[in-house]
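The next block holds one structure in the form of structure tokens; read it before the comments.
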Amino acid sequence: MQDPIHDLYENHVYPAMSHPLSDPAVSAVAARMGGLKTPHPAKARVLEIGCCSGHNLIPLAMRWPESEFIGIDLAETSIKEAGARAAAAGVSNVRFEVADLRDYQPAGPFDFIIAHGFFSWVPDKVKAALLVFCRKNLSPSGIATISFNLECGWAARFPVIQKVRAIQQARGGDVLSALEILRFVTEPDSSEIAVIDDMLAKGAAILAFDDFGPVNDPWPLDRFAQAATNAGLRWLGESDPAENIPSVLSDEVVEELAEAIKDPLAFQMAADAAAGRTFRSGVLCRNDAPLEEPIGLGMVLDFSVRSGREPKDADALEIRRAIASFATACVPLREVMEILPERDLREFTCLVFDGMMNGWILPRIEPVKYDPEPAAFPRLNAFRLLCAHEGLPLVDAWHKPCLFPEKHYAVLAAMDGTRSLAELAAFSKKHCRELAFEPWLRHLAGRGMFF
């Protein structure tokens, strides 16, 4: 029997990218804020389900060489690419296997399971199998980071998808051409314009797997939460703590919803609907996991932090500025405390917790420190250099992918540590004359591309 999902992934290349919300350095913080102390990802077993060509997993394996990483996928082509890239980059603590989740029997439990861009794109039986698999194969304090599409946000997208398919049926052509036609005939003040523009920005490669995939099944949050509970899992929160309540909502809207809706789950669903939220990335654990008391100073001081958006409160602003003084580093909170005026520890803990929940503090489970200025002989690591040669996104120090214009890749591929700054500037001028080389190079260094 033909499997349209398997055929799509086997015969078309899913764009290579990393997924910052799946980074264990981030999700481990979310788990601890939910009361669970996970194993440290530096010495852990990590599994990615639906790993595609390994672009998400290989940089994590390079970051933590003492951990074991496994990626599984149904698509043999993608698994071969992933294995070849890991070998070419000299990454030996990751392996990739062709496997069906429903039949896969790993040797031992995992501390971190990642399933990004998987749940909403498979039939219900596979969804249920994923949740059961996580319950069965998580270590006692392990977590699963599972992303899924939300029904409330996708309700506005499905009418556009239907119209695009109708245009294709009537006129032929590809998805992007049909989207361009639809945009031309849609009234400028229509709410569908923003949806169409978002789809056009994604591009054909992603749309084939995403909006126009063989299966596209968004769920409401309560249905997902109930399915997780039925499988023996517990919801701990969003992998980005600042998105438990959508950050796009104003304080006034959040306060109005909180006043009107007292049930926590119903409140979150109302907030999702008010924001038109399309996507969640949840952290789950076993229902028998050893949860601790609510977050306190001792736990907060274990985190490393960097600055996010600017808060309104004066005390919060002082803390945020102290954190920003360490930029671009992500430093242990204890180091931040050393440069702040002495204050009540309980008050400080509450402010820091508020900062992490509202996005003006960005926490991680470990520090990240690197020189924000380029070295005398700039050198990309082995995987980034490989991606530069293949024209793929480079993953920065924060696990964010960065795709470059085609001509920039020749300059990136020259950053193997053998050329000086002056030689690279001359190379850039010859091969990519329009590139403002010096500020561009500082931008790369500031994102930790040479870290």
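The values are calculated or read from the model by the stated rules, or taken from the named source; none is laboratory data. Remember, predicted model here, so these are calculated numbers, not experimental data. Glycine also receives a Cβ, built like all others from the backbone with ideal geometry; neighbour counts cover every protein chain displayed.
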Inset, instruction - Give the residues of segment 344-366 that are part of a loop (DSSP other than H, G, I, E, B) and among the β-branched types (Val, Ile, Thr), sorted by residue number. - result: Ile365
Inset, instruction - Give segment 285-309 a look and list any residue that's surrounded by 18 or more Cβ atoms within 10 Å (Cβ to Cβ), small (Gly, Ala, Ser), part of a loop (DSSP other than H, G, I, E, B) and in contact with a helix residue (DSSP H, G or I) (Cβ under 8 Å, 6 or more places away or on another chain), or say none. - result: Gly308
Legend entry - segment 1-35, residues that are modelled with pLDDT of 95 or more and assigned to a loop (DSSP other than H, G, I, E, B): Ser18, His19, Asp23
Legend entry - Inter-residue pairs, beta-carbon under 7 Å, first within 20 Å of Gly276 (Cβ to Cβ) and in segment 203-220, second of a type in the set (Asp, Glu), 6+ apart: Pro218/Glu151; Trp219/Glu151; Pro220/Glu151
Inset, instruction - Among the residues of segment 255-269, write down those that are among the hydrophobic types (A, V, I, L, M, F, W, C) and either surrounded by fewer than 18 Cβ atoms within 10 Å (Cβ to Cβ) or under 20 Å from Ile146 (Cα atoms) (or both). - result: Ala258, Ala260, Ile261, Leu265, Ala266, Phe267, Met269
Inset, instruction - Could you please let me know if Asp416 is surrounded by 17 or more Cβ atoms within 10 Å (Cβ to Cβ), closer than 29 Å to Glu81 by Cβ and not assigned by TED's automatic domain parsing to the domain that holds Ala88? - result: no
Inset, instruction - Quickly run through segment 60-85 and pick out the residues that are over 19 Å from Ser22 (Cα atoms) and either touching a Gly at 6+ places or on another chain (Cβ under 6 Å) or assigned to a helix (DSSP H, G or I) (or both). - result: Glu76, Thr77, Ser78, Ile79, Lys80, Glu81, Gly83, Ala84, Arg85
Legend entry - Matching residues in segment 86-113 - criterion: being closer than 23 Å to Ala31 by Cα, assigned to a strand (DSSP E or B) and not β-branched (Val, Ile, Thr): Phe110, Asp111, Phe112
Legend entry - Condition check for Asp396: under 18 Å from Ser22 (Cβ atoms), in contact (Cβ under 8 Å) with a residue 40 or more places away in the chain and among the acidic types (Asp, Glu): yes
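Rundown of residues vs (1) within 29 Å of Ala30 (Cβ to Cβ); (2) hydrophobic (A, V, I, L, M, F, W, C), yes/no style:
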site	(1), (2)
Thr349	yes, no
Asn358	yes, no
Pro372	yes, no
Ala376	no, yes
Cys387	yes, yes
Inset, instruction - State whether the residues of segment 144-155 include one that is in contact with a Pro (Cβ under 6 Å, 6 or more places away or on another chain), under 30 Å from Ala31 (Cβ atoms) and assigned to a strand (DSSP E or B). - result: yes
Legend entry - Cβ pairs under 9 Å, 6+ apart, first in segment 84-105 and in the same structural domain as Arg63 (by TED's automatic domain parsing) and modelled with pLDDT of 95 or more, second of a type in the set (Asp, Glu) and part of a helix (DSSP H, G or I): Arg85/Glu390; Phe96/Glu81; Val98/Glu76
Inset, instruction - Of all residues in segment 310-329, count the ones that are part of a loop (DSSP other than H, G, I, E, B) and exposed (fewer than 13 other Cβ atoms within 10 Å of the Cβ). - result: 4
Legend entry - Extreme residue, nearest to Phe383 (Cα to Cα), among residues of segment 88-113 that are buried (at least 18 other Cβ atoms within 10 Å of the Cβ) and aromatic (Phe, Trp, Tyr): Phe96
Legend entry - Unmet criterion (only one of (1) surrounded by fewer than 20 Cβ atoms within 10 Å (Cβ to Cβ); (2) touching a helix residue (DSSP H, G or I) at 6+ places or on another chain (Cβ under 7 Å); (3) among the hydrophobic types (A, V, I, L, M, F, W, C); (4) not assigned by TED's automatic domain parsing to the domain that holds Ile72) for Ala166: (2)
Inset, instruction - Look through Gly298, Gly276, Gly282 and report the one residue that is over 23 Å from Ile113 (Cα atoms) and in contact (Cβ under 8 Å) with a residue 60 or more places away in the chain. - result: Gly276
Inset, instruction - Please work out which one of (1) closer than 18 Å to Ile79 by Cβ; (2) at pLDDT 95 or above is the condition Trp121 fails and give its number. - result: (2)
Inset, instruction - Identify, by number, the condition in (1) at pLDDT 95 or above; (2) hydroxyl-bearing (Ser, Thr, Tyr); (3) surrounded by fewer than 19 Cβ atoms within 10 Å (Cβ to Cβ) that Thr77 doesn't meet. - result: (1)
